[in-house]
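As structure tokens, the structure follows; a few thoughts come after it.
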Amino acid sequence: MKKLAYAVLLLVLAASVGLFFAGKPRQAEWTSGWSAETALTFPKDFYFGTATAAQQIESQSPSDWTAFELDAIAKGRTDHGSAPGVAKPGHIAELDKYSLDVRTRKTDYDRRYDADFAAAKQVLGNNAYRFSFEWARLFPREDMQQPDPEAVAFYQGVLDSLERHELTPFATLFHFSSPAWLWQEKDGKRGWERADAQALWQRYVDAVLSLYGSRIKHWTTLNEPMVFLNAGYLDGVFPPLETRADPAAAGPALAAMARAHAYAYHAIKKVVGQDSQVGITQHTRAFEPWRNWNPLDRFAARQIDEIFIWDLLDALETGELQLTGTGFSEQIDGLAGTQDYVGINYYGRFYIEVSLANPVKPIVHSHDPAADQWVNDLGWAIYPKGFGDVLRTAYERYNKPIYVLENGTADNAANDLRRQYLLISHLAEMAHAQQQGVPLKGYFHWSLTDNFEWAEGFTARFGLFAVDYADDYRRTARPSAPLFGRIAREGLSPELLKSLENMPAPRSH
């Protein structure tokens, strides 16, 4: 009955707000209108870097993701989903095609990070680097009161190397993975919903700040919490591999993560100082209707845009977590005013279609097969204008500095034109937004090297440097790597902007 009532409400609301748009064409513009005739530059204090995550590049720690990887191999759950970029619940694509050594070492980062950082400085012209601490590496057992000494030394070595190569560290505390022991059921709850989860998180955060707080000014407490919530609690493709009924059912887990952020924010301010920069980063897309004439598609696209991108960012301002269209709401102590910046991860355009057969679960299209457009190896459409729109919207809503903490594309072609197109067009969108007054402070490309891409395993290649897993993890710079270096050092010249015209760039449709 509840689902039927929601479906009726969806129909009524969609009709009331959507009929105005009936007949209007889908957006055809691909950029925000910057001119290729004029150079686009960045401020001298702008941060250029790459972004990484511990579980994806470091050797395996006893995390929930490691447990999932081992179980997927043991039970032969290594199938692809129904389409590129669509994961099959409980599976990690083609994980069995890689050796035990690769599955364990990932990118061999533990032995190669100094050389990787040297390449980031020399080839990419970077002055910053984003990485995550692995909670399970520092606290491999629940009963530990102090972090593992070898893990402590490892991260000290990482920070020492970053300092040598003059790369400013941007640290993330939670990037999808957490200790496997946190997911042992306790009083009927697992993970973030356990009664003791906050105390365990606080022990981890306090240890990180005590050890490394004096060396790091830029902090991201949570990476893409809505991706974690959707993939882990609704679609069953990330740990904890659950398929709850709707976002409201996963609301308590998100509220627990919001409380964790609030604690970390205030702890960082106390230990590191008031001049530290603390926030979260959200996965963003340009959510647009599949059929622009259809009021249901238009309404659903707007609803998804709010709940997936903006609801949690709103909560960091107001202290009240409300999930659009669900009825879930919770006031969280200490949460209000806990974002010094807005963190944006952007990965293109998704189209939203509502089926009358199941109106409460819209269909998501990663690209339009009828359009002339760049589509990456995961089937995601590259859409520069949507990036500029997200940046402007973030500034209009929050009036805060913005860091783009991830932006990239899966392109394993030898001549990675799609990644080159993305770099030029998206950095042009950023420079253009800056000209319009948007306070953009940094751009971090995903990623420095190919890595383990979660449910896609090692199949999706996002690296500016290719990794040859069959040849001792050898790194090779893709053509996009020196291009990124050129932009970081010189900005975007008219020559570079006009080079887009010589690529088979997307056209309006």
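The values are calculated or read from the model by the stated rules, or taken from the named source; none is laboratory data. As the structure is a prediction and not an experimental result, all values here were calculated from the model. All Cβ positions, even for glycine, are placed from backbone atoms using ideal geometry, and neighbour counts span all protein chains on display. Just so you know, the surface numbers come from the protein's heavy atoms only, side chains and all, with ligands and any DNA or RNA stripped out. Shrake-Rupley method; radii C 1.70, N 1.55, O 1.52, S 1.80 Å.
Which condition from (1) open to solvent by 10 Å² or more (accessible area, probe 1.4 Å); (2) in a helix (DSSP H, G or I) is the one that residue 466 breaks?
(2)
Among the residues of the range 100-153, which ones are closer than 30 Å to residue 206 by Cα, of a type outside the set (A, V, I, L, M, F, W, C) and open to solvent by 50 Å² or more (accessible area, probe 1.4 Å)?
Within the range 100-153, 104, 105, 111, 112, 114, 141, 142, 143, 145, 146, 149, 150 meet the criteria.
Yes/no matrix, rows are residues, columns are (1) buried (at least 24 other Cβ atoms within 10 Å of the Cβ); (2) more than 16 Å from the chain's Cα centre (by Cα); (3) under 15 Å from residue 465 (Cα atoms):
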| position | (1), (2), (3) |
| --- | --- |
| 411 | yes, yes, yes |
| 417 | no, yes, yes |
| 420 | no, yes, yes |
| 425 | yes, yes, no |
| 428 | yes, yes, no |
| 432 | no, yes, no |
| 438 | no, yes, no |
| 444 | yes, no, yes |
| 454 | no, no, no |
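In the range 265-335, which strands (runs of 3 or more DSSP E) lie fully inside it and hold 3 or more residues that are touching a residue at least 60 places away in the same chain (Cβ under 8 Å) and within 28 Å of residue 202 (Cβ to Cβ)? Write out each step before concluding.
Details: elements: 277-289, 320-323, 328-331.
The qualifying strands (runs of 3 or more DSSP E) are 277-289.
Report yes if some residue within the range 149-172 is touching a His at 6+ places or on another chain (Cβ under 7 Å), under 28 Å from residue 448 (Cβ atoms), in a loop (DSSP other than H, G, I, E, B) and modelled with pLDDT of 95 or more; otherwise report no.
no
Counting just the residues of the range 49-90 that are open to solvent by less than 10 Å² (accessible area, probe 1.4 Å) and in a strand (DSSP E or B), which one comes out nearest to residue 184 (Cα to Cα)?
It comes out as 63.
Consider the range 213-251. How many of its residues are in contact (Cβ under 8 Å) with a residue 60 or more places away in the chain, of a type outside the set (A, V, I, L, M) and in a helix (DSSP H, G or I)?
Final tally of qualifying residues: 4.
Being hydrophobic (A, V, I, L, M, F, W, C) and within 29 Å of residue 92 (Cβ to Cβ) is true for just one of 438, 467, 390. Which residue is that?
Matching residue, one of 438, 467, 390: 467.
Determine which member of the set 238, 299, 308 is of a type outside the set (S, T, N, Q), open to solvent by less than 30 Å² (accessible area, probe 1.4 Å) and within 30 Å of residue 78 (Cβ to Cβ).
Answer to the selection: 238.
So which residues in the range 338-365 are under 15 Å from residue 308 (Cα atoms), open to solvent by less than 50 Å² (accessible area, probe 1.4 Å) and out of contact with any Gly (no Cβ under 6 Å at 6 or more places or on another chain), if there are any at all?
342, 344, 345, 346, 347, 348, 350, 351, 352, 362
Consider the range 165-192. How many of its residues are open to solvent by 40 Å² or more (accessible area, probe 1.4 Å) and either of a type in the set (S, T, N, Q) or touching a residue at least 24 places away in the same chain (Cβ under 8 Å) (or both)?
Of the residues in the range 165-192, 4 are open to solvent by 40 Å² or more (accessible area, probe 1.4 Å) and either of a type in the set (S, T, N, Q) or touching a residue at least 24 places away in the same chain (Cβ under 8 Å) (or both).
Please enumerate the residues belonging to the range 366-380 that are closer than 15 Å to residue 353 by Cβ, in contact (Cβ under 8 Å) with a residue 40 or more places away in the chain and open to solvent by 40 Å² or more (accessible area, probe 1.4 Å).
The one that is closer than 15 Å to residue 353 by Cβ, in contact (Cβ under 8 Å) with a residue 40 or more places away in the chain and open to solvent by 40 Å² or more (accessible area, probe 1.4 Å): 370.
Find the residue count for the range 336-374, including only residues that are assigned to a strand (DSSP E or B) and of a type outside the set (A, V, I, L, M, F, W, C).
So the answer is 9.
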